[in-house]
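Visitor: Handing you this structure, nothing more for now.
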Amino acid sequence: MSGIRSKNTKPEMLIRKGLHAAGFRFRLHDRSLPGTPDMTFPKWKAVIFVHGCFWHGHHCHLFKWPKTREEFWEQKISRNRQNDIKHTQELQVANWRIGVVWECALRGREKQPLDMVVEQLGQWLVSGRPSITLGSPEVEIAECRPT
């Protein structure tokens, strides 16, 4: 696990490169905000998180419960999901708009073209809408627990 990066992942770099090319300027990994968002757009009072489907328990086709150390992984992924909810609530209270891009929006059988994802994010940033989530829809975590 020590080789798994939490910053500058391939999906994050793709989104950053696309938004920068579209003229959006942002701060990276602002530690003063809850959850240390991957990108912060102070001009639009917006943040974007690029979540890995496994690490954040997205329950799309890219997420599979590990067969070994099941209790450890269930606790870890559950804790990550709880932290995501907590950080989202804290950001909303502080009037930040929140965007989430799931890994499955950029990879796998349900991926969308990168330029379309970047365009949707750009439109959301300037629109003033409170949130956007890109990626396949989630199902309840209780339905996906290992048996």
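Just so you know, all these numbers are worked out from the coordinates, no wet-lab data involved. Model, not experiment: these values are computed from the prediction. Ideal geometry is used to build each Cβ from the backbone, glycine not excepted, and the neighbour counts take in all protein chains shown.
Visitor: Given Cα pairs under 8 Å that are at least 6 residues apart, what percent is the relative contact order of the chain? List each step's numbers first, then the result.
Guide: Working: 187 pairs, mean separation 36.1, N = 147.
Result for the chain is 25 percent.
Visitor: Enumerate lysine pairs in the range 19-147 that are 8 or more residues apart or on different chains, then count those whose Cα atoms are under 20 Å apart.
Guide: On the way: Lys45/Lys86; Lys64/Lys76; Lys64/Lys111; Lys67/Lys76; Lys76/Lys86.
Pairs that pass both the separation and distance tests number 5.
Visitor: Please give the contour-minus-distance gain from Asn8 to Arg25: 0.36 nm per residue of separation, less the Cα-Cα distance, rounded to one decimal in nm. Let's see the in-between values first.
Guide: Values: separation 17, 0.36 × 17 = 6.12 nm, distance 1.65 nm.
Stretched out fully, the Asn8 to Arg25 stretch lengthens by 4.5 nm.
Visitor: Over the chain, with a Gaussian network built from C-alpha contacts below 10 Å, which listed residue (His56, His87, His20) shows the highest mean-square fluctuation?
Guide: Evaluated over the chain, the most mobile residue of the options is His20.
Visitor: Percent antiparallel among DSSP beta bridges with both residues in the chain, to the nearest 5?
Guide: Values: 5 of 15 bridges.
Around 35 percent antiparallel, to the nearest 5.
Visitor: Just to verify a number: FRET efficiency for Trp44 and Gln75, C-beta to C-beta distance, R0 = 41 Å, to 0.05? Intermediate results must be reported in sequence, preceding the final value.
Guide: Values: r = 36 Å, r/R0 = 0.87.
Approximately 0.70, to the nearest 0.05.
Visitor: If you work out log10 I(q)/I(0) by the Debye sum over Cα atoms at q = 0.08, 0.18, 0.22 Å⁻¹ from the coordinates, which of (1) -0.22, -1.11, -1.55; (2) -0.35, -1.01, -1.32; (3) -0.20, -1.15, -1.69 do you get?
Guide: Computed from these coordinates, log10 I(q)/I(0) by the Debye sum over Cα atoms at q = 0.08, 0.18, 0.22 Å⁻¹ corresponds to label (1).
Visitor: What does the highest-first list of 61-74, 119-132, 99-112 look like by mean Cβ count within 10 Å?
Guide: Going from most to least packed, we get 99-112, 119-132, 61-74.
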